[in-house]
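To start, the structure itself, in structure tokens.
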Amino acid sequence: MLLGAARRMAARDPAGADELLERAQSAAEQALAELRSVARGILPPVLADRGLAGALSGLAADCGVPCRVEADVPERCAASVEATAYFVAAEALTNVAKHSGAARSSVTVRARGGRLRLLVEDDGRGGADEDGGSGLTGIRRRVAALDGTLRLTSPPGGPTTLEVDLPCGR
Ligand SMILES: Nc1ncnc2c1ncn2[C@@H]1O[C@H](COP(=O)(O)OP(=O)(O)OP(=O)(O)O)[C@@H](O)[C@H]1O
Ligand SMILES: [Mg+2]
């Protein structure tokens, strides 16, 4: 709209047109910033296509360490909550494959009574340390942003369990 007005004004009032162009530019910049923040909160496509249980099965199949998935999710949670659960499982299973030396791992997810609980376990060497990289810190930050809790148990010698509890938000 502003661009149209600026074009109509260009010949008879260049200064006025320039002012309109400036407003159009700042409106476009603001729209882009909003679009970015929307994109950041967006559902990974696999979640929309397959649901949380299916998406987690896909992650488990790609893990490298044999991984069993147990899903009990009769309740749908808010998209942001499911996206966070997916993100947590992806980071945790990447860690299992990279660091644990485990023979077996599992992902358990359960949505009941307005809470979503996700558990990622492995029977590897333990010693997971939040100060050791950015993955676990990122998990903690994202879970905290949704008022959830994170519990990591990983004594030397193992096993490692990572448990996240989130309000379902719906
Ligand atoms: N399941 C696990 N078993 C054993 N050690 C682990 C496990 N998960 C994490 N760790 C240890 O904790 C450290 C921190 O993990 P974190 O995910 O924060 O960082 P990272 O995997 O090293 O790097 P990235 O930033 O790519 O995730 C790892 O470097 C590893 O030593
Ligand atoms: Mg990691």
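All of the numbers you see were taken from the coordinates with simple rules; none came from a lab. It should be emphasised that the depicted structure is a prediction, and the values quoted were computed from it without experimental measurement. Heads up, the Cβs are rebuilt from the backbone with ideal geometry, glycines too, and the neighbour counts pull from every protein chain shown.
When the Gaussian network model of the chain links Cα atoms closer than 10 Å, the mean-square fluctuations of 101, 114, 132 top out at 132. The residues neighbouring residue 28, those whose beta-carbon lies less than 12 Å from its own, together hold a net charge of -2 under the Lys/Arg +1, Asp/Glu -1 convention. Taking a ≥ b ≥ c as the square roots of the Cα gyration tensor eigenvalues, the chain comes out prolate, since a/c reaches at least 1.5 and a/b is larger than b/c. Pairing the Cα long axis of helix 79-95 with the longest principal axis of the chain, what angle in degrees results, from 0 to 90 and rounded to the nearest 10? Compared with the principal axis, the helix lies near 50 degrees. All other residues whose Cβ lies under 13 angstrom from that of residue 103 are scored, Lys and Arg at +1 and Asp and Glu at -1, for a net of 0. Our coupling estimate for segment 67-72, obtained by passing each phi through the Karplus curve with A = 6.51, B = -1.76, C = 1.60 and θ = phi - 60°, is 9, 9, 10, 10, 10, 9 Hz, Gly and Pro reported as x.
Residues whose amide H falls under 5 Å from that of residue 115, counting only those 5 or more places apart or on a different chain, are 168, with hydrogens built in the peptide plane. Helix 14-40 axis versus longest C-alpha principal axis of the chain: approximately 10°, rounded to the nearest ten. Taking Cα atoms only, the orientation of helix 45-61 departs from the longest principal axis of the chain by about 30 degrees. Shape class of segment 109-152 from the alpha-carbon gyration tensor: oblate, with a/c at 1.5 or above and b/c at least as large as a/b. In plain terms, the residue of 93, 152, 56, 3 with the fewest other Cβ atoms within 10 Å comes first and the most crowded comes last, giving 3, 152, 93, 56.
For Cα pairs less than 8 Å apart in space and 6+ apart in sequence, what is the mean separation divided by the residue count of the chain, i.e. the relative contact order in percent?
Rounded, it is 18 percent for the chain.
If a paramagnetic tag sat 7 Å from the Cα of residue 163 along the Cα-Cβ line, which residues of segment 100-119 would have the backbone N under 12 Å from that point? What the label zone holds, given the 12 Å backbone N cut-off, is 117-119. Take the Cα of residue 38, go 7 Å toward its beta carbon, and the backbone nitrogen atoms of segment 50-92 under 17 Å from that spot belong to 79-80. Under 5 Å between amide hydrogens, built in the peptide plane, is the criterion, and for residue 104 it picks out 123 among residues at least 5 positions away or on other chains.
Can you give me the relative contact order of segment 66-124 as a percent, contacts being Cα pairs under 8 Å and 6 or more apart?
Answer for segment 66-124 is 43 percent.
Calculated mean residue ellipticity at 222 nm for the chain: -16000 deg cm²/dmol, from DSSP H runs with n ≥ 4 weighted as -39500 (n - 2.57), summed, divided by the residue count and rounded to 500.
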